[in-house]
1. Starting with the fewest neighbours, write out Val47, Val62 ranked by other beta-carbon atoms found within 10 Å of each beta-carbon.
2. Leaving out same-chain residues fewer than 8 places away, which lysines sit with a Cα under 16 Å from that of Lys96?
3. Size of the dipole of the chain about the Cα centre, Lys and Arg at +1 and Asp and Glu at -1 on the beta carbon, nothing else charged, in debye to 20?
4. Viscosity 1.306 mPa s, temperature 10 °C: Stokes-Einstein D of segment 12-101 from its Kirkwood Cα radius, in µm² per second?
5. If one takes the longest principal axis of the Cα atoms in the chain, at what angle in degrees, from 0 to 90 and to the nearest 10, does the Cα axis of helix 82-101 lie?
6. Relative to the first principal axis of the alpha-carbon coordinates of the chain, what is the inclination of helix 39-76, with its axis defined by its Cα atoms, in degrees from 0 to 90 and to the nearest 10?
7. Quick check on the exposure proxy: order His70, His53 from fewest to most C-beta atoms within 10 angstrom.
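Just so you know, all these numbers are worked out from the coordinates, no wet-lab data involved. Since we're looking at a predicted model, the values are computed, not measured. Note that each Cβ is placed from the backbone with ideal geometry, even for glycine, and that neighbours are counted across all protein chains shown.
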Amino acid sequence: MSGGSFNYLCWNSYGEIVECRNDLERMLDFMQDTYPFAEATRDTEEVCELIRHFFKEIDRRVRPLQHVWHDIEWWQSCDYSKDKADKAISLYEADKLKAREQ
């Protein structure tokens, strides 16, 4: 059987492409070496850049929310009281307000 050099990237859903971005990056490297001036190579590079940007932005937004999500999840699992979740929300809101004022 032929194919599979890039883990069948061509058949992946959009979500799978994002998850398998290393395969996509390897595909881009190969295309840049083999077809450096092709429009398909430029478009593949744009897709890679969009995914890189996506991960940077998700990380920037999720990291501060993880404490809030933790406390809400633990409250809903009956491990914490609602007061602890309320406090996490209040601290998050205060941090956001402080960042806006700077």
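1. Val62, Val47
2. The qualifying lysines are Lys87.
3. The dipole of the chain has a size of about 460 debye.
4. In µm²/s, the coefficient is 98.
5. With both axes taken from Cα atoms, the answer is about 70 degrees.
6. Between helix and principal axis, roughly 20 degrees.
7. His53, His70
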